[in-house]
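Below: one structure, written as structure tokens.
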Amino acid sequence: MDDIVLNPRYHDVLSLVKGFRNGVVYGSKIRFPHALVMTLLFRNGSLQEKVSAILSATKAHARGLAFFVTGYKSLMLLQRYLSASGKNTDVHTFIAGFISGYFVFGEKTSVNQQIILYLFSRISMGLVNTALKATNLKTPKNSFALFAALCWGMVMVLFRRDKTVLQDSLKNSMTYLYEDSNHWTSLKTLLWHNK
């Protein structure tokens, strides 16, 4: 069996299998603990409903990553095969990511939205770092503090002006922190229970 697995002739196809496997494993490792904590802290319902929600979110994340990796790698292989040079380019990379992202993560679900927002934040930081690198500018010592200040300043204005434009979990967290803390009816609802 190792002869087949290690044969370079099967490498491309087996890389799809391994990519799918890694998507399932990584998606499960990332989502399960997050879903477990968030469900136990914030979700109401029976134990069975909570377990179902945890497993559903874990499955969605693992499935999404597995299918994205497989779709992306398949499209990269196809484009490499069709390319005159037999090599992939940045355009191929973008096309494979674009098509796979559209079909795998295009539905607006809570899991997909969290994944896309995570990606967007990392892309934004990557673009800033790319611009700094291209211009040979030095990163100011307090750049992260300025970035943090800008993020918090902007989100607070958005929340104050029209919180409906914010993503639901962020809006709910901010409501809990900044609005619910303005109301109580007793010592119990001041310190122990929110409402």
Counting only residues in region 128-148 that are over 30 Å from Val111 (Cβ atoms) and assigned to a helix (DSSP H, G or I), the one most open to solvent (accessible area, probe 1.4 Å) is identified as Lys133
Checked against (1) surrounded by 12 or more Cβ atoms within 10 Å (Cβ to Cβ); (2) farther than 24 Å from His34 by Cα; (3) touching a helix residue (DSSP H, G or I) at 6+ places or on another chain (Cβ under 9 Å); (4) not basic (Lys, Arg), Val69 satisfies every condition except (2)
Over region 173-184, the set of residues open to solvent by 80 Å² or more (accessible area, probe 1.4 Å), assigned to a helix (DSSP H, G or I) and either touching a Leu at 6+ places or on another chain (Cβ under 7 Å) or not hydroxyl-bearing (Ser, Thr, Tyr) (or both) is Leu177, Asn182
Reported set for region 153-172 where residues are open to solvent by 80 Å² or more (accessible area, probe 1.4 Å) and within 20 Å of the chain's Cα centre (by Cα) is Val165, Asp168, Asn172
Yes/no for Lys87 being basic (Lys, Arg) and farther than 29 Å from Tyr176 by Cα
yes
* Residue check, Asn22 more than 14 Å from the chain's Cα centre (by Cα), in a loop (DSSP other than H, G, I, E, B) and not acidic (Asp, Glu) -> no
A careful count of residues in region 1-17 that are open to solvent by 70 Å² or more (accessible area, probe 1.4 Å) and either acidic (Asp, Glu) or under 21 Å from the mean Cα position of the chain (by Cα) (or both) gives 2
Here the residues within region 104-119 that are within 16 Å of Asp168 (Cβ to Cβ) and open to solvent by 40 Å² or more (accessible area, probe 1.4 Å) are Glu107, Lys108, Thr109, Ser110, Gln113, Gln114, Ile116, Leu117, Tyr118
Using the structure shown, decide if Met154 is in a helix (DSSP H, G or I) and at pLDDT 95 or above. yes
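Matching residues to (1) closer than 28 Å to Pro33 by Cα; (2) in a loop (DSSP other than H, G, I, E, B); (3) touching a residue at least 60 places away in the same chain (Cβ under 8 Å):
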{"position": "Lys87", "(1), (2), (3)": "no, yes, no"}
{"position": "Phe98", "(1), (2), (3)": "no, no, no"}
{"position": "Leu117", "(1), (2), (3)": "yes, no, no"}
{"position": "Ile123", "(1), (2), (3)": "yes, no, no"}
{"position": "Leu158", "(1), (2), (3)": "no, no, no"}
{"position": "Arg161", "(1), (2), (3)": "no, no, no"}
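The values are calculated or read from the model by the stated rules, or taken from the named source; none is laboratory data. Predicted, not measured: the structure shown is a model, and the values here were computed from it. As a convention, Cβ positions derive from the backbone with ideal geometry for all residues, glycine included, and neighbour counts pool all protein chains shown. What goes into the accessible areas is simple: the full protein's heavy atoms, side chains included, and nothing from ligands, DNA or RNA. Shrake-Rupley method; radii C 1.70, N 1.55, O 1.52, S 1.80 Å.
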